[in-house]
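Worksheet for the structure shown next.
The values are calculated or read from the model by the stated rules, or taken from the named source; none is laboratory data. Keep in mind it's a predicted model, so treat the numbers as computed, not measured. Because the Cβ atoms are built from the backbone with ideal geometry, glycine has one as well, and the counts that use them run over all protein chains shown. Calculation scope for accessible area: heavy atoms of the full protein, side chains included, ligands and nucleic acids excluded. Shrake-Rupley method; radii C 1.70, N 1.55, O 1.52, S 1.80 Å.
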Amino acid sequence: MQDSYVLLVNCLIDPNPDVPPTLAVVPDKLGPLKAGTPTSFSIVLPKPKGGGSSGWAILVFSEGRQLRSTGMGKILPAYFDRIDHISLHRRIEERVQKGVDAPLAAFRELPLTLPDALKERYHGKSIKVEIQVGASGTVESVRALSTVDPEMGGALSAIFANWLFLPALKDHTLVSGTVIIPLTI
């Protein structure tokens with residue numbers, strides 16, 4: 001494989017939830033790679049500043065295509081989650097400053113990915129999902145209204161747990177609320 005390179009990605013998450021995360025990307029050219037032949041490289045990594053959690057991921061590319069990665073399943077989700085929470089906090093502040101009553105609204109919707117066994121079991125069926133949202137905009141509880149299947153309830157809880165909402169505003173006060181989402185599987 002010709003024209004290979006590596007990217008080292010570092011994400012620093014400060015313990016203060018109002019501090020944006022820091023993302024550092026350090027590239028290094030590897031050159032040609034031959035299957036079964038080890039290749040080494042050396043990079044001077046920047047020292048992370050401040051406290052909090054930090055993690056590195058390595059991505060290997062050849063001719064513009066990603067070949068392999070390690071650690072990306074944790075680093076980028078944590079980075080974008082912090083960015084979304086900071087954005088939500090700002091939008092809530094804007095809503096409060098306007099002082100106009102506003103309804104509960106979705107802010108971050110994530111894909112609905114059910115396990116294949118549940119998709120097969122509930123194919124073509126409709127399920128109503130009740131989501132309790134706190135005044136902070138985070139999901140407090142999830143409940144399937146149309147089924148008592150604990151496996152489906154657990155899957156729906158896992159799916160909706162990471163959604164974010166703009167909480168309702170009534171009389172200059174943020175209030176918790178409930179939203180019911182109809183799903184057809």
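Mind checking which residues of the stretch 1-29 are open to solvent by less than 80 Å² (accessible area, probe 1.4 Å), part of a loop (DSSP other than H, G, I, E, B) and touching a helix residue (DSSP H, G or I) at 6+ places or on another chain (Cβ under 8 Å)?
P20, P21
Taking the criterion of being more than 30 Å from D101 (Cβ to Cβ) and among the β-branched types (V, I, T), would at least one residue in the stretch 142-152 satisfy it?
Yes, there is a match, as at least one residue in the stretch 142-152 is more than 30 Å from D101 (Cβ to Cβ) and among the β-branched types (V, I, T).
Test G36 against the criterion of being modelled with pLDDT under 80, of a type outside the set (S, T, N, Q) and assigned to a loop (DSSP other than H, G, I, E, B), and give yes or no.
no
Among the residues of the stretch 136-153, is any over 30 Å from L33 (Cβ atoms), open to solvent by 60 Å² or more (accessible area, probe 1.4 Å) and assigned to a strand (DSSP E or B)? I'd like the intermediate steps shown before the answer.
Residues of the stretch 136-153 over 30 Å from L33 (Cβ atoms): 136-153.
Still in the running and open to solvent by 60 Å² or more (accessible area, probe 1.4 Å): 136, 140, 143, 145-146, 148, 150-151.
Cutting the leftovers down to assigned to a strand (DSSP E or B) gives us 140, 143.
Yes: the stretch 136-153 contains one or more residues that are over 30 Å from L33 (Cβ atoms), open to solvent by 60 Å² or more (accessible area, probe 1.4 Å) and assigned to a strand (DSSP E or B).
Checking A106 against (1) in a strand (DSSP E or B); (2) open to solvent by 40 Å² or more (accessible area, probe 1.4 Å); (3) free of Cβ contacts under 8 Å to residues at least 24 places away in the same chain: exactly one of these is not met. Which one?
It is condition (3) that A106 fails.
Could you give me the residue pairs with C-beta distances under 9 Å whose first residue belongs to the stretch 164-185 and is among the basic types (K, R), whose second residue is open to solvent by 40 Å² or more (accessible area, probe 1.4 Å) and not in a strand (DSSP E or B) wherever it lies, and which are 6+ apart or on separate chains?
Within 9 Å, the pairs are K170/D101.
Cβ-Cβ below 7 Å, separation at least six or inter-chain, first residue in the stretch 25-37 and closer than 30 Å to Y79 by Cα, second part of a loop (DSSP other than H, G, I, E, B): which pairs?
As it stands, the answer is V26/I43; V26/L45; D28/F41; D28/I43; L30/T39; L30/F41, since those pairs meet every condition given.
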